[in-house]
Amino acid sequence: MNFKCIYCLDETLIHTLKDQISSLVIDSSTNEIQCLLADNNTIMCTYIFTTFTNLQFLNFSALLLYHQRLSFSTSHLTIISTNLLKLHVYLATFNDCLYLLDGCFNQLHTLSANISFIVSSSLTINNTEKLPTLKCFSLQCDIKTCDYDELILLLLHRMLYLEKLNLCLIVNRRKTFFDGNDLKRNIINHMSRLNKFTFNIHSSSCFYDQINLPSNENIQKTFRDFNNKIVYCVDYFPKANYDQCHIYSYPYKLNYYDNITNNFS
């Protein structure tokens, strides 16, 4: 169902079905509604949750264009849904993700968020209160972020009872590469119920040199306790004073690779 179709439904039909519809997929990829979404995010979401009062699953699909993603930076939701359990959504910024987790859906147990930009903001949004109902979380961002430790880790540490976690990230300007020790220390050890952790993380740094650059063998040893197969590759470019590391859990889920070299296998 696309954005226009929601408003075109007969009121009698809506009245008949509104309590029966528990799952809804919103298709925002049609050309006719690309310009509407930027100004009508809050209106659309408010309409959905006030109309379909028994909604438990919502999938807001979108193309990769920025203006087709939900954003609440200028207008906030004024409703709270106590029924929504699963939400798959394309968002403009990390703040939009924080906003959705700030009491709007207090029974939400599954959130899949594809975010355009993960950057620090001057806006004050709660990123400290624990999220005891959240069991499954997926976060994907295809644009580099320099705020993994300051934003993403802080959010993950709120998810004490998480059982499934998926991360697809490109992290820039970090002092250390991601490896098994880092993931265990900063994520796994904070989630006692985590039983499935998949990831695809590309990190870059300018703090290593040929002497202290970790080798593929060093990184391999840090994943010995992981249940699934982990693929990893380290590259060092001395002339550019740049190095990168790519780690992912097998099997690979995306349909593309980011910035790989001949060392990658």
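Taken over the stretch 161-190, the criterion of being in a loop (DSSP other than H, G, I, E, B), over 17 Å from the mean Cα position of the chain (by Cα) and either modelled with pLDDT of 95 or more or crowded, with 19+ Cβ neighbours inside 10 Å (or both) is satisfied by Y161, F177, F178, D179.
Okay, residues lined up against (1) among the charged types (D, E, K, R); (2) modelled with pLDDT under 65; (3) part of a loop (DSSP other than H, G, I, E, B); (4) over 30 Å from V119 (Cβ atoms):
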site: C5; (1), (2), (3), (4): no, yes, no, yes
site: T16; (1), (2), (3), (4): no, no, no, yes
site: Q34; (1), (2), (3), (4): no, yes, no, no
site: D39; (1), (2), (3), (4): yes, yes, no, no
site: I48; (1), (2), (3), (4): no, no, no, no
site: F60; (1), (2), (3), (4): no, no, no, no
site: L63; (1), (2), (3), (4): no, yes, yes, no
site: L84; (1), (2), (3), (4): no, no, yes, no
site: L98; (1), (2), (3), (4): no, no, no, no
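Can you find a residue in the stretch 246-255 that is surrounded by 13 or more Cβ atoms within 10 Å (Cβ to Cβ), basic (K, R) and at pLDDT 85 or above? No, the stretch 246-255 contains no residue that is surrounded by 13 or more Cβ atoms within 10 Å (Cβ to Cβ), basic (K, R) and at pLDDT 85 or above. Scan the stretch 114-149 residue by residue and report those that are assigned to a strand (DSSP E or B) and either within 10 Å of the chain's Cα centre (by Cα) or free of Cβ contacts under 8 Å to residues at least 24 places away in the same chain (or both). N114, I115, S116, F137, S138, L139, Q140 - these are the residues of the stretch 114-149 that are assigned to a strand (DSSP E or B) and either within 10 Å of the chain's Cα centre (by Cα) or free of Cβ contacts under 8 Å to residues at least 24 places away in the same chain (or both). When L111 is tested against (1) assigned to a loop (DSSP other than H, G, I, E, B); (2) modelled with pLDDT of 95 or more; (3) not polar (S, T, N, Q), only condition (1) is not met.
The values are calculated or read from the model by the stated rules, or taken from the named source; none is laboratory data. If you're wondering where the values come from, they're calculated on a predicted model, not measured in any experiment. Counting neighbours? That spans all protein chains shown, and the Cβs are built from the backbone with ideal geometry, glycine included.
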